[in-house]
Every structure is written in structure tokens, then in C-alpha cells.
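The structure under discussion appears below in the form of C-alpha cells.
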């Protein structure tokens, strides 16, 4: 059968929110209707009580390949984690070993990802050779090879002249630059938010100014250039206002928020130890409040996990020596819902726009964020009322570094469809293979 009928779901798509059917045929969306669609010889999926959404997109993940054997996560297991969480498109970061800084490496990353066929993997590539900030990467060539954004993620481009040159190349090639906003001069020895808890624990301070100063600098440098500029994993409330003012001045700037920076404060470093060690660090409740305000008023337009898998032995170390970061793909959707929907910041339609349309627009692939007749059928089916308990032991990711283990949450992707093919499901009771509709 080449046809699949999604029956009687809540269709949320590009500002639209209505009940209806979606027909898929030969891997593309064939029909969308607010009345029943009649189709013979098809697979029917009962979507009663569920949301039919464009496939979820995460523009900030780490799949660790190439890795020189230092990480357990691979592109294959990263894709499995993405599919398990409801994502049909992810953008991988280039801070691998070696770093993705040539067109040949971009082409190799694309080839490796395409072997799987369950999720679209779009690579980003380095701004500077080896992410060292000393020599600009061949940006024209790596964009031509398929890189969808430029970033030295994990490191900031520290030199002003180098940063301006990178932005100019990004503007020329119409690709976004994704900045890891951290002034390294102010975070030497820093491992957690500078404040009361950090002093109590006797750990190195990481001030908010490390993030805010880079955002302010890049806004200034980019003003005459006009490249698409994106702030990764925002943690400081002060960063939100900087971005808000730049957007008010019509600068092409955007930012993303991650689940851990919406749900956890620096107190988790005391309570959960290294499972709460992040880069940038967890801050305080008033930072969370300001980030949520920025989401509510549209200053922050994108949700992204910064999925960062690490072997547990790199977490089971003294805090100052342990790895930064957590896994996020398997449980992100429910955590976003807990932080934003349960807290009254957004409704489902607005939140899903931050996981579909908005990231797709940033990476210049708007068709990936929309259900439209003729588009490839990348779809996520979500049960917004399904309650479940996060269990890192059954994640599809190889990593278990998750501070949300054991949390009771609501909302889950119960199926993903990639190019018309059902790639993940926990809805066998909803599927009917039939010869007549």
C-alpha cells in the first residue's frame, strides 16, 4: 500500500488548528481536509484525541560522529533517539573529532546520515578550521556541499575581525550563523552559575556576562553586515532583552531555549550533582521567568534540545572535571509541554510552531515546517494527554545522562512518519490495514 490516511486528528499547522484528515500517498501529502477523506486501499490511522503536526525539528543536536572512539553515541543511535522523541529532522553540530570543517567532511556526514532513512539529518559546519578561531573555514565550499548553518559550537569565535569575516561569508551564502555565546576570558575555571549555590559548593563561577557580552558584541558587529544570527541555548535573562532590542531594530537575529534552561535552576547542581552540569550553566528562577517572557512575546522563537550524550563514566567524576551537558531528544516534547503549556506560557499550536515552522525558516527549509499538499510527508502524531514517566534506561540514545529521570510528564509523540513511512509507533491499536476506507 502506498496510501496512509490519518483520520480525525487535531491538525496543527502554520497557524491553523482544526480537526480533520490527512492523506499521504507515495511519500507526500496528497490531501488535507476538515471533512472526512474517502480513500480505498490504504492504511488508516485513527488520530482521535491526537495532534497531527509537521514533523518536529531540532536544530541543535550532537551525534558524536566522527568521534575517534571517545563517545558511545553514533549517528545511528542519535537518529533512533530523535525518532523516539518525535523528531523527523535534526541539525548536527560540528564539534566532532575531527571537526566538520571541509566540504569533504560535510559530504561524508550527509552520506552517513542518509544510510538510515528514518530521520533527516542536516549537518552544520565550522566557522574556523578545527574550531580554533585562527583560520576561517572554507565557508563557501562547505555551504555548497550541504551545510545548512555555520557554527563553532562548543567554542565562541572570539576575535572580532574573524567574527566579522565569518558573518560576511554567512550573509553571502544566506545561511545562519549559530553562536555559542561564551566569553572564555570570563569563564576560566567556571563550572556553574556564579551565585549563592556556587559559593556554597565551592565551585568555579560562570557569570551571566559571559553570555550577554558575546551577544552584545555580535549584534554590534553584525549591524552593517546583516547575516542571519542565532543565539544557541540561552541561559541568562539579560540575554533576552538584548535580543528583543536588536529585533526591534530589524536585525535578523534569533535565539533558542532548551528544556533544562526552562525547568531547572542552579539548585539542581547541589541536588543532582554532575547530572545538572551544563554549558551554559543552569541559572536562577528569575532567568527562567525572563526566558519564558521572551518566548511568550516572540523574542525567542525556537526550541532546541542541545542533545549532548556522554558516557556515564564522564559524569561520575568530581563536578569540576565532569562532562557538560545532557541528552534531550527522547523526552524533550513532554518537557517543553511541562515548562510552557502547563505553565500557561503557550498553547500547543504556538509551541509546535517553535519546533516546526520557526526552525525550518531559520535554516532556509520552510517546506520542512509545514503540512502542505505536495510536500514530503514528515509528520509527528502527538497524544497531548498521555501521561508517562521518563526512564532514561529505555532511551533510544546510548547515553543516560538525564537529570529528568523519574519525572512524571504529560504529552508524547506516539508516531513519526518520515517521507510517508511510519518509522516509530506506539499506536498499534489505532492502525487498520484495509481495502476500503
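The values are calculated or read from the model by the stated rules, or taken from the named source; none is laboratory data. Keep in mind that what you see is a predicted model, and the values were worked out from it rather than measured. Note that each Cβ is placed from the backbone with ideal geometry, even for glycine, and that neighbours are counted across all protein chains shown.
Computed values, structure above
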| read-out | value |
| --- | --- |
| Yes/no for residue 273 being closer than 30 Å to residue 313 by Cβ and over 22 Å from the mean Cα position of the chain (by Cα) | yes |
| Set 294, 273, 226: member being in contact (Cβ under 8 Å) with a residue 40 or more places away in the chain, out of contact with any strand residue (DSSP E or B) (no Cβ under 7 Å at 6 or more places or on another chain), closer than 20 Å to residue 59 by Cβ and outside any strand (DSSP E or B) | 294 |
| Matching option when the condition is in the same structural domain as residue 184 (by TED's automatic domain parsing), within 22 Å of residue 186 (Cβ to Cβ) and surrounded by fewer than 19 Cβ atoms within 10 Å (Cβ to Cβ), among 286, 233 | 286 |
| Residue within region 185-202 that is under 24 Å from the mean Cα position of the chain (by Cα), touching a residue at least 24 places away in the same chain (Cβ under 8 Å), farther than 21 Å from residue 261 by Cβ and outside any helix (DSSP H, G or I) present | no |
| Every residue from region 359-383 that is touching a helix residue (DSSP H, G or I) at 6+ places or on another chain (Cβ under 6 Å) and outside any loop (DSSP other than H, G, I, E, B) | 360, 366, 368, 369 |
| Residue 43 being part of a loop (DSSP other than H, G, I, E, B) and either more than 20 Å from residue 88 (Cα to Cα) or out of contact with any strand residue (DSSP E or B) (no Cβ under 6 Å at 6 or more places or on another chain) (or both) | no |
| Selection status of residue 342, within 25 Å of residue 269 (Cβ to Cβ) and modelled with pLDDT of 95 or more | yes |
| Qualifying residue in region 307-317 (condition: touching a strand residue (DSSP E or B) at 6+ places or on another chain (Cβ under 6 Å) and touching a residue at least 12 places away in the same chain (Cβ under 8 Å)) | yes |
| Residue check for residue 218: assigned to a loop (DSSP other than H, G, I, E, B), surrounded by 19 or more Cβ atoms within 10 Å (Cβ to Cβ), in contact with a strand residue (DSSP E or B) (Cβ under 7 Å, 6 or more places away or on another chain) and at pLDDT 95 or above | no |
| Residue among 77, 89, 102, 151 that alone is assigned by TED's automatic domain parsing to the domain that holds residue 308, surrounded by fewer than 21 Cβ atoms within 10 Å (Cβ to Cβ), at negative phi and at pLDDT 95 or above | 102 |
| Check on residue 95, in contact with a strand residue (DSSP E or B) (Cβ under 8 Å, 6 or more places away or on another chain), assigned by TED's automatic domain parsing to the domain that holds residue 332 and surrounded by fewer than 24 Cβ atoms within 10 Å (Cβ to Cβ) | no |
| Qualifying positions in region 332-358 - part of a loop (DSSP other than H, G, I, E, B) and crowded, with 21+ Cβ neighbours inside 10 Å | 354, 355, 356 |
| Failed criterion for residue 284 (all others in (1) within 22 Å of residue 152 (Cβ to Cβ); (2) in contact (Cβ under 8 Å) with a residue 60 or more places away in the chain; (3) over 20 Å from the mean Cα position of the chain (by Cα) hold) | (1) |
| All positions within region 113-135 that are in contact (Cβ under 8 Å) with a residue 60 or more places away in the chain and in a loop (DSSP other than H, G, I, E, B) | 117, 118, 119 |
| Which listed residue is assigned to a loop (DSSP other than H, G, I, E, B), under 27 Å from residue 396 (Cβ atoms) and within 20 Å of the chain's Cα centre (by Cα), from 100, 110, 12 | 100 |
| Among residues of region 361-380, those that are surrounded by fewer than 21 Cβ atoms within 10 Å (Cβ to Cβ), touching a residue at least 60 places away in the same chain (Cβ under 8 Å) and either within 19 Å of residue 19 (Cα to Cα) or touching a strand residue (DSSP E or B) at 6+ places or on another chain (Cβ under 8 Å) (or both), counted | 7 |
| Among (1) touching a helix residue (DSSP H, G or I) at 6+ places or on another chain (Cβ under 8 Å); (2) under 18 Å from residue 121 (Cα atoms); (3) without any contact (Cβ under 8 Å) to a residue 60 or more places away in the chain, the one test that residue 85 misses | (3) |
